[in-house]
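First up is the structure itself, then whatever we jot down about it.
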Amino acid sequence: MQTNKGFLFALLLIVVSITTVEAQYGYGNGYGGGYGRQRNQMPQTQTNEKPDPLTAEEIVELQMPAIIEAIALNDFEKAIVSTTLTKYIKKYMELQILKLEDDKMKESIEKLQKEQSEELKAALPKEKYDAYVVLEENGFKKAKKRKKKKDKNKE
């Protein structure tokens, strides 16, 4: 009977210690396995870098679908409009970098707008140039919204 008491005492000690160990360490997953706040294995790094500003080509790429959608341009006219816009957007960016006085900046921008419109007027047919001017005055994004509304009204 003495060995049975010793055996029972050892078995009871093992069961109690297993529940204690399990309560502290979880179900064999190490510290906090499955419970509490989870931690990501990859360190979180915060970047304070500002995204790079768009280049002239990227700006034109963003505007071209709206222009093409609003004005039916063929491939040749698309090429003309995109190269002209890219050229003048680069010039506008150069002006911004120079940071001229307000009067000089306004004068320079008006001069560039005039040159751009003359170049487009010479390259595009009259009706397409007029449609471009209207599109430019109303804004490219607004034209997309108006066209969507017209499509919905037709349906």
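The values are calculated or read from the model by the stated rules, or taken from the named source; none is laboratory data. Computed from a predicted structure; not experimentally measured. In this analysis, Cβ positions are derived from the backbone assuming ideal geometry, glycine residues included, and neighbour counts consider all displayed protein chains.
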Next on the checklist: Contact list please: Cβ distance under 6 Å, first residue in the stretch 107-122 and without any contact (Cβ under 8 Å) to a residue 24 or more places away in the chain, second residue assigned to a helix (DSSP H, G or I), pairs at least six apart or on different chains.
Outcome noted: 108/95; 121/129
Next on the checklist: Among the residues of the stretch 79-101, are any on the phi < 0 side of the Ramachandran plot, in contact (Cβ under 8 Å) with a residue 40 or more places away in the chain and surrounded by 15 or more Cβ atoms within 10 Å (Cβ to Cβ)?
Outcome noted: yes
Checklist outcome for this item: Residues of the stretch 111-131 being closer than 19 Å to residue 95 by Cα, touching a helix residue (DSSP H, G or I) at 6+ places or on another chain (Cβ under 9 Å) and surrounded by fewer than 16 Cβ atoms within 10 Å (Cβ to Cβ), in sequence order, are 113, 115
Checklist entry - List pairs: first in the stretch 126-140 and farther than 14 Å from residue 72 by Cβ, second in a helix (DSSP H, G or I), Cβ under 7 Å, 6+ apart or cross-chain? => result 140/63; 140/66; 140/67
Next on the checklist: Suppose we keep only residues that are within 43 Å of the chain's Cα centre (by Cα), modelled with pLDDT of 80 or more and surrounded by 10 or more Cβ atoms within 10 Å (Cβ to Cβ) within the stretch 3-58. Which one would you say is nearest to residue 78 (Cα to Cα)?
Outcome noted: 57
